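K.L.:
Please see the structure below; I have some questions.
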Amino acid sequence: MTQAKIRVALLFGGRSGEHAISAATAAGVLRAIDRDKYDVIPVGITREGRWVVASGDPARWELRPDRLPEVTEEAGAEVMLSSSSGSPQLQVLEPGAVPAVLAQVDVVFPVLHGPFGEDGTVQGLLELADVRYVGSGVLASAVGMDKQYMKLVFAAHGLPVGPFVVVTPRDWAQRRDDVLTKVVGLRLPVFVKPARAGSSLGVTRVDDLADLERAITAAQRHDPKVLVEEGIEGREIECGVLGGRGGAAPRASVAGEIVVDHAARDFYDFEAKYLDDGPVRLETPADLPAGVSERVRELAVAAFEAVGAEGIARVDVFVTPQGEVVLNEINTMPGFTPISMYPRMWQASGLAYPDLIDELVQLALERPTGLR
Ligand SMILES: Nc1ncnc2c1ncn2[C@@H]1O[C@H](COP(=O)(O)OP(=O)(O)O)[C@@H](O)[C@H]1O
Ligand SMILES: [Mg+2]
């Protein structure tokens, strides 16, 4: 007797500015997931937030410089997650028809980045449906998405973060002078960024305070809440964290380095991340003194545990010329195409991309639903 395959609903696209990146991740997973073991049900989320039956053809979702992939409603019928029958299932909704069962679902893999995907909202929906899913739960996702609370949680755990100022819409409208006074206390350059975005969307490096206002307005296009951070001079180092199996401690990959050619680009911005492979090189493993890379890996696990992350996260740090390690951020659903940093760091640590996908799904399956 052959054993039934495990049904994985792959959720991608979504309402955030990182819609296309999520689709590209889906392409990677669709290509590499073990089809002998898993049945994949691709579910796209449109920019408006509608769930639709989506193509399972990886080529449809690949990221190309001339075309950002996008989930549109053309693809198909609306999909809904339901557990009213006692077990989680995806239903197809056709206008005027009784909802039909598309598939029973064993586990959901939400390869969603940014707000309404990586921030605990979709995770809340999955909790309510009582379905197992890959990655962090509601709280860790929300904390990991919000750079203000992320830093507060890190700092409360005694983990090193740089100085920053939060600018809420009310601060900006009613207390602009206070904001400016605080920002003047930060060493230049500063980095102005949306509190809850990703992929460097809306991030500006400001070398002259005359440009601050414009940078804040640019960040506010992505999020009404903005952070102004002191620029940290240092190498950009990242580390992959995987949850432990069977209650074991989280595991850290080797560290990787983002090497940006600063003559070509100011910093690791959106184009440098996805479209332009000239000025950026990803080095795995990063060439660091052993003590420093050990510190990075310890800090990555500490950051993962500080926010209560589960399954997967990438922790990004700066390593200063003095060898000091400062946290930049945690990403609870990092870019996950085969050429993204997270899979590459695991590849360099001995875990190939298809095995990494398998590991993530297995971690999700072994974890109970409900409070953990
Ligand atoms: N405080 C900082 N000091 C130096 N560089 C920074 C700082 N904050 C951001 N950057 C640069 O901007 C990039 C994007 O910022 P980040 O906070 O990581 O936002 P995102 O969540 O969009 O990736 C970083 O990879 C880095 O190149
Ligand atoms: Mg980043």
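K.L.:
In the stretch 250-271, which residues are over 14 Å from Leu282 (Cα atoms) and more than 13 Å from ligand 1 (Cβ to nearest atom)?
P.N.:
Pro250, Arg251, Ala252, Ser253, Ala263, Ala264
K.L.:
One residue is enough: does the stretch 210-230 have a residue meeting the conditions buried (at least 19 other Cβ atoms within 10 Å of the Cβ), closer than 23 Å to Val166 by Cβ, within 13 Å of ligand 2 (Cβ to nearest atom) and at pLDDT 90 or above?
P.N.:
Yes; the residues of the stretch 210-230 include at least one that is buried (at least 19 other Cβ atoms within 10 Å of the Cβ), closer than 23 Å to Val166 by Cβ, within 13 Å of ligand 2 (Cβ to nearest atom) and at pLDDT 90 or above.
K.L.:
Further, regarding this structure: Scan Ala129, Ala100, Ala142 and give me the residue that is buried (at least 17 other Cβ atoms within 10 Å of the Cβ), within 29 Å of Lys37 (Cβ to Cβ) and out of contact with any Lys or Arg (no Cβ under 8 Å at 6 or more places or on another chain).
P.N.:
Ala129
K.L.:
Next question, about the same structure. Could you tell me whether any residue of the stretch 153-165 is at pLDDT 95 or above, in a helix (DSSP H, G or I) and within 16 Å of ligand 2 (Cβ to nearest atom)?
P.N.:
yes
K.L.:
Among (1) out of contact with any Gly (no Cβ under 8 Å at 6 or more places or on another chain); (2) within 21 Å of Tyr133 (Cα to Cα); (3) surrounded by fewer than 16 Cβ atoms within 10 Å (Cβ to Cβ), which single condition is Gln89 missing?
P.N.:
Exception for Gln89: condition (3).
K.L.:
If you scan the stretch 124-169, which residues turn out to be touching an Asp or Glu at 6+ places or on another chain (Cβ under 9 Å) and among the hydroxyl-bearing types (Ser, Thr, Tyr)?
P.N.:
Residues satisfying the conditions are Tyr133, Ser136, Ser141.
K.L.:
Please count how many residues of the stretch 276-310 are within 16 Å of ligand 2 (Cβ to nearest atom) and over 11 Å from Cys239 (Cβ atoms).
P.N.:
Residues that pass the stated criteria total 4.
K.L.:
Could you look through the stretch 173-199, keep only residues that are charged (D, E, K, R) and either part of a loop (DSSP other than H, G, I, E, B) or within 23 Å of Gly117 (Cα to Cα) (or both), and pick out the one that is farthest from ligand 2 (Cβ to nearest atom)?
P.N.:
Pass one, the stretch 173-199, residues charged (D, E, K, R): 175-178, 182, 187, 193, 196.
Filter once more, so that each one left must be either part of a loop (DSSP other than H, G, I, E, B) or within 23 Å of Gly117 (Cα to Cα) (or both): 175, 187, 193, 196.
Values: Arg175: 28, Arg187: 20, Lys193: 9, Arg196: 13 Å.
Going through the qualifying residues, I end up with Arg175.
K.L.:
Going by the conditions given, is Arg205 in contact with a helix residue (DSSP H, G or I) (Cβ under 9 Å, 6 or more places away or on another chain), part of a loop (DSSP other than H, G, I, E, B) and surrounded by 15 or more Cβ atoms within 10 Å (Cβ to Cβ)?
P.N.:
Judged against the criteria, Arg205 is not a match.
K.L.:
In addition: With the condition kept exactly as written, say whether any residue in the stretch 2-11 is free of Cβ contacts under 8 Å to residues at least 60 places away in the same chain, crowded, with 22+ Cβ neighbours inside 10 Å and not in a loop (DSSP other than H, G, I, E, B).
P.N.:
no
K.L.:
Given the conditions (1) over 28 Å from Tyr38 (Cα atoms); (2) in contact with a helix residue (DSSP H, G or I) (Cβ under 8 Å, 6 or more places away or on another chain); (3) of a type in the set (Gly, Ala, Ser), report the number of the one that Ser340 does not fulfil.
P.N.:
Only one criterion is unmet by Ser340, namely (1).
K.L.:
Report, ordered by the first and then the second residue, all pairs with beta carbons closer than 7 Å, sequence separation of six or more or different chains, a first member in the stretch 73-93 that is of a type in the set (D, E, K, R), and a second member that is part of a strand (DSSP E or B).
P.N.:
Glu73/Val52; Glu78/Trp51; Glu78/Val52; Glu78/Leu93
The values are calculated or read from the model by the stated rules, or taken from the named source; none is laboratory data. Predicted, not measured: the structure shown is a model, and the values here were computed from it. For neighbour counting, all protein chains shown are included, and Cβ atoms are generated from backbone atoms with ideal geometry for every residue, glycine included.
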